[in-house]
Structure formats: C-alpha cells, structure tokens
C-alpha cells in the first residue's frame, strides 16, 4: 500500500534530514602498528591514507566471504572504524584475534560519542562538505565526514556524547528536520544503496555486491585476498546485486524469487513502496540476466534492473 510522505521522508528527499545513527559502532584504533593491522585485515588500502582521508572496506574470512563492512577514517594518532550496529562486536573480536605482538589498541567508543547523519539535497547548504567521499574535517569538538547512509547527498557528524543535543538543535535551526529509520530505509532503497546485514551478508563475495570501491587490487596480502583474486582472474561471478523498480502498491518480501525467460533468476533482498507510488528494491540476479535496463519478473510483475549505488 502506498504510504503518505512523512516530513522526515520529504526532508531526506527534497531538503535536509537529521538521522540519529547512535546505534552504529565506533571503534578507535591506536598504536604504532594500527595501519599495518587494518591494512592486512581489510580489502582496501589503509596504509596509503593520510589524516583527513577515509575509505570504505570489507572484512573477509579466509574463504573470501564478507563478514562486516566499515568506514575507516584516518586521524593523526588513530583510526576510527564506523560499523553497522550488528557487527560492532564482531569487528572488535575479529581484529583482537589477530593482534599478537602488534602495538595496537582497540577502544569501543560507541557509548561515549554520538553519530548523526545530515542527508538530503540541502544538507551541504547547512554544513559544508569536507571534500571527496569519506574525507573528514574537524568542526569544533566534532568531526564531519563525507558519508551518506541513504545514497542521497549527505554528511556524517561524530562528536562527544554531551554535544548531541546542541548539534541537533543547530541543524534544526538551519532548516533540517528529524527523519526516522523508516524514512531513511525508503530513501536508501530508492537509491539502490545496499546495506550489510540486509543486501550483503556473510555468504557474499565482494564482487557479487558490486561495491568495487571497497576493493584495492594492488595493496598486497590481506585475509581473503586469494579468493578475491581468483574471482577477478575468472572474470565474473554467478550472480550480482542489482537494483530494480516496478509498478504497483505492494513491495515483494525479501526472498521473493525473480524470473527471466521462465527460469529462476535470483531473489529479492530489500524492497519498499515509496510515497511517490513506485516500488524500489535490491536483489541478487543471476548471470546473464543481471544487465542494467533488462526486465525480470517479480510477483508476476515486470521489473526493470538498475546498477546498485557504488557499482560505478
């Protein structure tokens, strides 16, 4: 059923919305060997980061399957890992397992800090972007990073917990409006932006996710690299994450099968009916049906396929 647009949805879509991302994990990594450890444990090139820069990366197991994702922000004396709420503890334990003689300290600062998303087309008029994706700058006691949770233009603000209310009030005074998790989910799916734990899970190979900006192919060895390289040398995977759009007022539930040419062609991972009256979603689509612009069947309805955010 088509839902009326909430003020939060309108803010994220046409103005500036405020998202409380307090539940996301925040892990501070210090010590002389911090860059070496994170470099060896993630799919991206941590060692080339300079203060003020950041990146998006996967943590893999030895079989090359994605166990978690994280935004990695580089500071003068530490890294900050920003993780999904469900993987905070997993990432802590995963890294701690591989700290043997390394000078590395992991500190969970989630409960001592806040994390706010300011997202929507007007967000940059309220708070200037620090620059390229994942870059970040200090703003008083806070840090502003170029990270979006929804795929809309967006920024992420971190700071001491005591500054949360004042930061929110400053955004509201500048014209931003609070948005709910449901509002953010509508916008995220409409932008075909995948989320770990929903569209990417611990059985997913990196290339299946199409989030190629999380991978660096010349960085040297890391956990799971052998499988990633094997997939690259083979030149393809058997399925890939794609966005889809279809008409109607009912969203297919996760696990709904896709069909093409009378054959099973994949399954839905996320979907939503947006207030504009269209159904948007993400699904794994088998090769060779995973072509942008092609049509598959979902719940007896034709659905057009699109590349997911991050695939470019």
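Within region 93-109, the set of residues being surrounded by fewer than 18 Cβ atoms within 10 Å (Cβ to Cβ) and either assigned to a helix (DSSP H, G or I) or touching a helix residue (DSSP H, G or I) at 6+ places or on another chain (Cβ under 7 Å) (or both) comprises 93, 94, 96, 97, 98, 99, 102, 108. Considering only residues that are surrounded by 15 or more Cβ atoms within 10 Å (Cβ to Cβ) and over 16 Å from residue 41 (Cα atoms), which ones fall in region 79-92? Selection gives 84 alone. Is it fair to say residue 159 is out of contact with any helix residue (DSSP H, G or I) (no Cβ under 6 Å at 6 or more places or on another chain), free of Cβ contacts under 8 Å to residues at least 24 places away in the same chain and either closer than 21 Å to residue 70 by Cβ or crowded, with 19+ Cβ neighbours inside 10 Å (or both)? Taking the combined requirement at face value, the residue does not satisfy it.
Filter region 272-294 down to the residues that are in a loop (DSSP other than H, G, I, E, B) and in contact with a helix residue (DSSP H, G or I) (Cβ under 8 Å, 6 or more places away or on another chain), then identify the one that is nearest to residue 4 (Cα to Cα).
Ranking the qualifying residues of region 272-294, first place goes to 275.
Within the option set 171, 192, 213, 217, being part of a loop (DSSP other than H, G, I, E, B) and within 30 Å of residue 126 (Cα to Cα) holds for one residue only, 192. Just one of the listed residues (152, 138) is part of a loop (DSSP other than H, G, I, E, B) and either at pLDDT 95 or above or in the same structural domain as residue 32 (by TED's automatic domain parsing) (or both), and it is 152. From the list 255, 224, the one residue that fits, being on the phi > 0 side of the Ramachandran plot, outside the structural domain of residue 285 (by TED's automatic domain parsing) and modelled with pLDDT of 95 or more, is 224.
Could you go through region 257-268 and let me know if any residue there is surrounded by 22 or more Cβ atoms within 10 Å (Cβ to Cβ) and touching a residue at least 40 places away in the same chain (Cβ under 8 Å). Yes, some residue in region 257-268 is surrounded by 22 or more Cβ atoms within 10 Å (Cβ to Cβ) and touching a residue at least 40 places away in the same chain (Cβ under 8 Å). Report yes if residue 184 is in the same structural domain as residue 57 (by TED's automatic domain parsing), more than 30 Å from residue 290 (Cα to Cα) and surrounded by 19 or more Cβ atoms within 10 Å (Cβ to Cβ), otherwise no. So residue 184 does not fit the description; no. Does region 174-189 hold any residues that are under 18 Å from residue 145 (Cβ atoms), in contact with a helix residue (DSSP H, G or I) (Cβ under 9 Å, 6 or more places away or on another chain) and part of a helix (DSSP H, G or I), and which are they? Once the filter is applied, which keeps residues that are under 18 Å from residue 145 (Cβ atoms), in contact with a helix residue (DSSP H, G or I) (Cβ under 9 Å, 6 or more places away or on another chain) and part of a helix (DSSP H, G or I), region 174-189 yields only 184.
Given the conditions (1) touching a helix residue (DSSP H, G or I) at 6+ places or on another chain (Cβ under 7 Å); (2) at pLDDT 95 or above, which single one is not true for residue 269? Result: residue 269 fails condition (1) only.
In region 295-312, what count of residues is obtained for those that are in a loop (DSSP other than H, G, I, E, B) and surrounded by 17 or more Cβ atoms within 10 Å (Cβ to Cβ)? Selection size over region 295-312: 6. If we keep just the residues of region 278-294 that are farther than 23 Å from residue 150 by Cβ and without any contact (Cβ under 8 Å) to a residue 40 or more places away in the chain, which is surrounded by the most Cβ atoms within 10 Å (Cβ to Cβ)? Here the residue is 289. On inspection, residue 30 fails the criterion of being over 27 Å from residue 179 (Cα atoms), buried (at least 18 other Cβ atoms within 10 Å of the Cβ) and in contact with a strand residue (DSSP E or B) (Cβ under 8 Å, 6 or more places away or on another chain). Considering the conditions (1) touching a helix residue (DSSP H, G or I) at 6+ places or on another chain (Cβ under 8 Å); (2) in contact (Cβ under 8 Å) with a residue 40 or more places away in the chain; (3) surrounded by fewer than 19 Cβ atoms within 10 Å (Cβ to Cβ), residue 120 is excluded by exactly one of them, (3).
Quick check on my filter: what residues within region 49-70 are under 23 Å from residue 227 (Cβ atoms) and buried (at least 20 other Cβ atoms within 10 Å of the Cβ)? Once the filter is applied, which keeps residues that are under 23 Å from residue 227 (Cβ atoms) and buried (at least 20 other Cβ atoms within 10 Å of the Cβ), region 49-70 yields 55, 56, 57, 58, 59, 60, 64, 66, 68, 69, 70.
The values are calculated or read from the model by the stated rules, or taken from the named source; none is laboratory data. A quick note: this is a predicted structure, and the numbers were derived from the prediction, not measured. Neighbour counts are summed over all protein chains in view; Cβ atoms, including those assigned to glycine, are modelled from backbone coordinates with ideal geometry.
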